[in-house]
Amino acid sequence: MTDQYDLIIVGGGPIGLACAIEAQKKNLRYIIIEKGALVNSIFNYPLYMTFFSTAERLEIGDIPFNCLAPKPGRQEALEYYRNIHRYFNFSIKLFEKVMEIKKNANSLFEVLTDKDLYKTKNIVLATGFYDIPIKMNVKGEEFSKVRHYYKEAHEYAFRNVLVVGANNSSVDAALECWRKGANVTMVIRKNEINSRVKYWVKPDIENRIAEGSIKAYFESNITEIKENEVVIETPNGKVTIENDFVLALTGYKPDLNFLENTGIQLSNDELKIPVYNPETMETNIEGLFLAGVVCGGMQTHKWFIENSRIHANLIVDYITSK
């Protein structure tokens, strides 16, 4: 017989864990289902990434996040959330992917994974946005030298590296690769570095560009990627440069198809914002809730750990009040 839960949380990131903490407090029978490792998105961040937020703003469950540096990095965050799991001993299934969610005749959700079938009265989707890169849709993007994720700089040392974009991940990658000896060029769609780049990093990249250490083509786009070259459309015409790697760090998006397949309505524009009640986080489907960055649709800069932790309280308070 399939187990029945009060709540299934899809996604074992910080916000999914926050939801589980609140569920434990209210004695709900719950389970977290996570397709990868604990806090999988943070695990997949660049090795030496530093958060914009200070440690206390990443805390969940009233457990202090102790950090010696002013801003925690990926390793400290992984250690903190592992300790959170040790403390709360979550009911969690790791490396198990949710394939389908549907309601049965008894108004229970059936959650089919690649390993099992679960039934529940309520579901929280806290699935984040880091799994699907936003493609450039240019010729040659399928080459293995094109990377949509960046881990560390070593393999790019002493090579011709093209970094696409001017957001935090692009700027961090450009600076790290340059400091490890890469010949770095940036292609930037707008006429400046993104204003949301970390305030202590933005002057660094702007100075490296100004002095010529890193070449930057502003108001420009890649038009074709070749085996050993890249063609760039600039305000002054097309330019072809030698190239060994393309770091296409152009951002990521939630699995919008998955949301739609569960029946969640999305806004009829390019933002694809899902429909939900901001007071309860319930979607247009009764008993199905959203938490964390997935609430923003394509606006992945709108929700962070620090401003979406409150979603857990809103959801669980509403579930237990019914």
Exercise for the section: Report, ordered by the first and then the second residue, all pairs with beta carbons closer than 9 Å, sequence separation of six or more or different chains, a first member in region 129-154 that is free of Cβ contacts under 8 Å to residues at least 60 places away in the same chain, and a second member that is crowded, with 17+ Cβ neighbours inside 10 Å and of a type in the set (Asp, Glu). Expected result: ALA153/GLU176
Handout entry: region 308-319, subset open to solvent by 60 Å² or more (accessible area, probe 1.4 Å) and in a helix (DSSP H, G or I), residue nearest to ILE132 (Cα to Cα)
Key = ILE310
Fill in the blank from the handout: Flagged pairs (Cβ under 9 angstrom, 6 or more apart or on separate chains; first in region 97-108, of a type in the set (Gly, Ala, Ser); second open to solvent by 70 Å² or more (accessible area, probe 1.4 Å) and assigned to a loop (DSSP other than H, G, I, E, B)) are SER107/GLU286
Practice task
Within region 156-183, count every residue that is touching a residue at least 60 places away in the same chain (Cβ under 8 Å), open to solvent by 40 Å² or more (accessible area, probe 1.4 Å) and not in a loop (DSSP other than H, G, I, E, B).
Solution key: 3
Practice task
Determine if region 294-314 includes at least one residue that is over 24 Å from ASN104 (Cβ atoms) and of a type in the set (Asp, Glu).
Solution key: yes
Handout entry: Output for region 12-63, where each listed residue is open to solvent by 50 Å² or more (accessible area, probe 1.4 Å), farther than 18 Å from ILE310 by Cβ and in contact (Cβ under 8 Å) with a residue 24 or more places away in the chain
Key = ARG29, LYS35, PHE43, ASN44, TYR45, TYR48, PHE52
Completion exercise
Going through region 190-218 in order, the residues found to be of a type in the set (D, E, K, R), within 26 Å of the chain's Cα centre (by Cα), open to solvent by 50 Å² or more (accessible area, probe 1.4 Å) and farther than 24 Å from LYS302 by Cβ are GLU206
Practice task
Give just the number: which of (1) surrounded by 19 or more Cβ atoms within 10 Å (Cβ to Cβ); (2) part of a helix (DSSP H, G or I) does GLU260 not satisfy?
Solution key: (1)
Handout entry: Conditions (1) over 19 Å from ALA173 (Cα atoms); (2) in a loop (DSSP other than H, G, I, E, B): number failed by ALA23
Key = (2)
Exercise for the section: Looking for whichever is part of a loop (DSSP other than H, G, I, E, B) and either farther than 26 Å from ILE132 by Cβ or out of contact with any Gly (no Cβ under 7 Å at 6 or more places or on another chain) (or both) here; the options are PHE65, PHE95. Which one fits? Expected result: PHE65
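In this structure, does THR250 turn out to be in contact with a Pro (Cβ under 9 Å, 6 or more places away or on another chain), touching a residue at least 60 places away in the same chain (Cβ under 8 Å) and either of a type in the set (S, T, N, Q) or surrounded by 14 or more Cβ atoms within 10 Å (Cβ to Cβ) (or both)? Working first, answer last.
On the way: in contact with a Pro (Cβ under 9 Å, 6 or more places away or on another chain): yes; touching a residue at least 60 places away in the same chain (Cβ under 8 Å): yes; either of a type in the set (S, T, N, Q) or surrounded by 14 or more Cβ atoms within 10 Å (Cβ to Cβ) (or both): yes.
When the stated conditions are applied, THR250 passes them.
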Fill in the blank from the handout: Subset of region 145-189, residues within 20 Å of VAL231 (Cβ to Cβ) and not aliphatic (A, V, I, L, M), comes to LYS145, ARG147, HIS148, ARG159, ASN160, GLY165, SER170, ASN183, THR185, ARG189
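Residue-by-condition table, conditions (1) touching a Phe, Trp or Tyr at 6+ places or on another chain (Cβ under 6 Å); (2) in a loop (DSSP other than H, G, I, E, B); (3) among the charged types (D, E, K, R):
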residue: ILE232; (1), (2), (3): yes, no, no
residue: ASP269; (1), (2), (3): no, yes, yes
residue: VAL294; (1), (2), (3): no, no, no
residue: GLN299; (1), (2), (3): no, yes, no
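The values are calculated or read from the model by the stated rules, or taken from the named source; none is laboratory data. None of these values were measured; they are calculated from a predicted model. Ideal geometry is used to build each Cβ from the backbone, glycine not excepted, and the neighbour counts take in all protein chains shown. With ligands, DNA and RNA removed, areas are computed over all heavy atoms of the protein, side chains included. Shrake-Rupley method; radii C 1.70, N 1.55, O 1.52, S 1.80 Å.
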